[in-house]
Amino acid sequence: MTSILSIDRVREAAHIISNARKVVVLTHMSPDGDAMGSSLGIKHRLDSVREDVQATVVLPNMYPDFLGWLPGADKVVVYENAPEKARELLEEADTIICTDFNEPKRIGSLGECLTQVLSAKHTPCLLIDHHLHPADFADVVFSYPESPSSCELVYRLIKDLATQVGDTMFNSPLTLDTATCLYTGMMTDTGNFSFNSNRADMYEIVSELVRIGVDKDSIYNRVFNAYTADRMRLVGYCLYNKMTIIPEYHTALIYLKRKELYKFNFRSGDAEGIVNMPLQIKDIYYSCFMREDKVLPAEVPLAGGSKIKVKISMRSQGDRPVNVFCHEVFNGGGHKNASGGEFYGPIEQAVELFNQNYARFFKQDN
Ligand code: 5GP
Ligand code: MN
């Protein structure tokens with residue numbers, strides 16, 4: 001398989017990892033399969049090749065239930081639940097590895113903690129990511145937005161450390177735990193290999209991971225067939241009662257208020273995949289899903305003084321970017337066909353903003 005990572009950066013990464021003893025691995029807020037898979041994959045790889053390294057995954061907030069079976073998920077430290085422990089780990093770390101996010105803002109309050117730690121004491125920091133425009137906070141940056149997943153980048157880095165740098169320390173085969181974590185992110189960030197998945201060498205990686213023993217059928221079941229009855233009813237409600245179609249712009253919009261989420265006992269991960277569903281409709285190429293995310297006590301207003309944070313998710317097909325729309329309208333960003341953003345205020349205002357702006361960004365043609 002051809003190497004795509006810069007050899008100079010692989011050498012720098014090898015140097016940083018060789019000197020590492022206490023490693024903290026960070027990944028993004030509301031961690032998905034790629035965030036969990038890449039961060040735990042790094043931890044398992046370090047655990048298996050370096051007995052003298054202690055690696056801990058620190059998450060900004062809790063992962064959804066359907067990722068709880070991932071090897072090592074039970075040992076992560078969650079900043080939202082244990083901020084002091086997380087800060088202590090960061091302060092004591094001699095190496096920080098960030099994966100699947102491009103700027104400290106994407107890890108919420110943990111990002112402020114990271115920025116403080118990095119400015120107080122220089123700690124070698126590695127970033128492995130596939131989002132556009134990485135912020136300038138890491139010493140060595142592997143930023144490949146064309147890569148379908150961060151897990152694939154982690155796999156490539158592991159291989160390049162062995163073959164390009166020729167470091168015997170990195171030469172041992174991947175353990176089943178590492179392979180399982182990396183496969184999971186490759187699978188989830190491509191919708192089980194249904195988008196961003198046309199490159200042949202991706203299947204060379206999958207082939208090797210399956211040869212190691214990855215049970216891909218079981219991973220599919222554990223990730224995609226693990227919903228609660230409440231979540232299935234929420235999907236039914238969204239599609240039947242809440243989906244607006246804008247035919248001229250091939251667009252679908254679904255939005256949910258807090259009280260609707262309560263009705264379905266909403267839990268983290270329950271919204272996963274809903275935004276993709278309208279794309280199954282013929283001639284629908286853009287989909288937007290919005291939900292009210294947090295209502296905080298009045299004394300802790302969010303940015304803009306609002307108590308309500310709206311989380312926006314967008315998906316599209318083909319050459320119809322939604323990241324520019326999310327960036328300009330909802331202060332967010334992401335990939336061409338999968339992006340998101342935020343809005344502070346009542347969700348009706350976010351919907352209004354959406355309606356005022358889509359015609360400037362979306363294509364009318366087929
Ligand atoms: P999701 O819709 O699954 O939450 O997010 C899809 C993608 O959009 C993520 O992988 C991430 O790249 C991007 N994204 C989601 N929310 C935000 C946000 O608030 N800000 C930025 N910059 N990107 C986001
Ligand atoms: Mn990702």
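The values are calculated or read from the model by the stated rules, or taken from the named source; none is laboratory data. Quick caveat, the model's predicted, so the values are computed rather than measured. So basically every Cβ, Gly included, is an ideal-geometry build from the backbone, and we count neighbours across all protein chains shown. Note: areas computed on protein heavy atoms with side chains; ligands, DNA, RNA excluded. Shrake-Rupley method; radii C 1.70, N 1.55, O 1.52, S 1.80 Å.
In segment 29-45, of all residues being farther than 14 Å from Y155 by Cβ and open to solvent by 10 Å² or more (accessible area, probe 1.4 Å), the one that is farthest from the chain's Cα centre (by Cα) corresponds to K43.
Within segment 241-250, can one find any residue that is out of contact with any Gly (no Cβ under 7 Å at 6 or more places or on another chain), in contact (Cβ under 8 Å) with a residue 60 or more places away in the chain, more than 16 Å from ligand 1 (Cβ to nearest atom) and farther than 27 Å from C288 by Cβ? No, segment 241-250 has no match at all. Tell me, yes or no, whether segment 59-70 has at least one residue that is within 16 Å of ligand 1 (Cβ to nearest atom) and among the polar types (S, T, N, Q). Yes: segment 59-70 contains one or more residues that are within 16 Å of ligand 1 (Cβ to nearest atom) and among the polar types (S, T, N, Q). Would you call R11 open to solvent by 10 Å² or more (accessible area, probe 1.4 Å), assigned to a helix (DSSP H, G or I), under 18 Å from L182 (Cβ atoms) and not hydroxyl-bearing (S, T, Y)? Criteria not met by R11. Residues of segment 165-198 that are within 21 Å of the chain's Cα centre (by Cα), on the phi < 0 side of the Ramachandran plot, away from ligand 1 (no atom under 16 Å from the Cβ) and not hydroxyl-bearing (S, T, Y): D177, A179, C181, L182, N198.
For beta carbons closer than 7 Å, sequence separation of 6+ or different chains, a first residue in segment 151-180 that is in the same structural domain as R50 (by TED's automatic domain parsing) and free of Cβ contacts under 8 Å to residues at least 40 places away in the same chain and a second that is within 16 Å of ligand 2 (Cβ to nearest atom) and open to solvent by 10 Å² or more (accessible area, probe 1.4 Å), there are no qualifying pairs. Could you say whether any residue in segment 77-99 is surrounded by 23 or more Cβ atoms within 10 Å (Cβ to Cβ) and within 16 Å of ligand 1 (Cβ to nearest atom)? Yes, segment 77-99 contains a residue that is surrounded by 23 or more Cβ atoms within 10 Å (Cβ to Cβ) and within 16 Å of ligand 1 (Cβ to nearest atom). Any residue at all in segment 141-148 that's surrounded by 18 or more Cβ atoms within 10 Å (Cβ to Cβ), touching a residue at least 12 places away in the same chain (Cβ under 8 Å) and more than 16 Å from ligand 2 (Cβ to nearest atom)? No.
Starting from residues that are under 21 Å from the mean Cα position of the chain (by Cα) and open to solvent by 50 Å² or more (accessible area, probe 1.4 Å), keep the ones in segment 322-358 and report whichever is farthest from ligand 2 (Cβ to nearest atom). Only one residue tops the list, namely E328.
Scanning segment 57-72 for residues being outside any loop (DSSP other than H, G, I, E, B) and either farther than 19 Å from Q116 by Cα or free of Cβ contacts under 8 Å to residues at least 12 places away in the same chain (or both) gives a total of 3.
Matching residues to (1) closer than 14 Å to A135 by Cβ; (2) of a type outside the set (F, W, Y); (3) assigned to a strand (DSSP E or B):
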{"site": "D74", "(1), (2), (3)": "no, yes, no"}
{"site": "N81", "(1), (2), (3)": "no, yes, no"}
{"site": "E84", "(1), (2), (3)": "no, yes, no"}
{"site": "R87", "(1), (2), (3)": "no, yes, no"}
{"site": "L90", "(1), (2), (3)": "no, yes, no"}
{"site": "I97", "(1), (2), (3)": "no, yes, yes"}
{"site": "F101", "(1), (2), (3)": "yes, no, no"}
{"site": "L110", "(1), (2), (3)": "no, yes, no"}
{"site": "L114", "(1), (2), (3)": "yes, yes, no"}
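L70 meets the conditions (1) crowded, with 20+ Cβ neighbours inside 10 Å; (2) in contact with a strand residue (DSSP E or B) (Cβ under 9 Å, 6 or more places away or on another chain) in every case but one. The failed one is (2).
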